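The values are calculated or read from the model by the stated rules, or taken from the named source; none is laboratory data. All figures in this text were calculated on a predicted structure; none of them were measured in a lab. Ideal geometry is used to build each Cβ from the backbone, glycine not excepted, and the neighbour counts take in all protein chains shown.
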Amino acid sequence: MKKLFLVMILGLTMITTVYSQEDIPDGLQGTLIVLNKQGHDASFIDLGSGEIIATLPTGRGPHELVVTDDGKWAIGTDYSGGNSLTVFDVENLSVARTIDLSDYPRPHGILFMPGQQEVIISS
């Protein structure tokens, strides 16, 4: 068991390589959104520079995220006691609204329906 644990630690250490500015491919553009479960927020990272350009609040325990095809909107599930969805305006780097799901606790999976005006979640 100790050997397996050590192998897992070494494997994770090798995966978590730190990248410098020189490692970012030329011409890379867009925004990466990372949900921070323990921080109860979302980091917006500019792919071209690798810099965090905004950190926005979410409900408790953000877990999964879906982004519109045009990249203008994102919706995150607030799973760990949040019982809500957080809607992000990606272009303006803001929280557009929070949707209360108190009757449907612990939203998990999320998917846009055709037309991307509605989402479906599991609870």
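Here are the numbers for the structure shown:
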item	result
Failed item in (1) part of a helix (DSSP H, G or I); (2) at pLDDT 50 or above, with Leu35 passing the rest	(1)
Matching strands (runs of 3 or more DSSP E) fully within the stretch 67-119 where at least 3 residues are surrounded by fewer than 19 Cβ atoms within 10 Å (Cβ to Cβ) and in contact (Cβ under 8 Å) with a residue 40 or more places away in the chain	110-112
Criterion (out of contact with any helix residue (DSSP H, G or I) (no Cβ under 8 Å at 6 or more places or on another chain) and under 17 Å from Asn36 (Cβ atoms)) met by exactly one of Leu111, Leu56	Leu56
Residue in the stretch 89-108 that is within 12 Å of Ile33 (Cβ to Cβ) and of a type in the set (S, T, N, Q) present	no
When residues of the stretch 40-53 are limited to those that are exposed (fewer than 15 other Cβ atoms within 10 Å of the Cβ) and either without any contact (Cβ under 8 Å) to a residue 12 or more places away in the chain or of a type in the set (Val, Ile, Thr) (or both), the one farthest from Ile75 (Cα to Cα)	Glu51
Enumeration of residues in the stretch 66-105 that are touching an Asp or Glu at 6+ places or on another chain (Cβ under 9 Å) and more than 18 Å from Ala54 (Cβ to Cβ)	Thr77, Tyr79, Asn83, Ser84, Leu85, Leu101
Per-region count, the stretch 60-108, residues farther than 25 Å from Gly30 by Cβ, in contact with a strand residue (DSSP E or B) (Cβ under 9 Å, 6 or more places away or on another chain) and small (Gly, Ala, Ser)	5
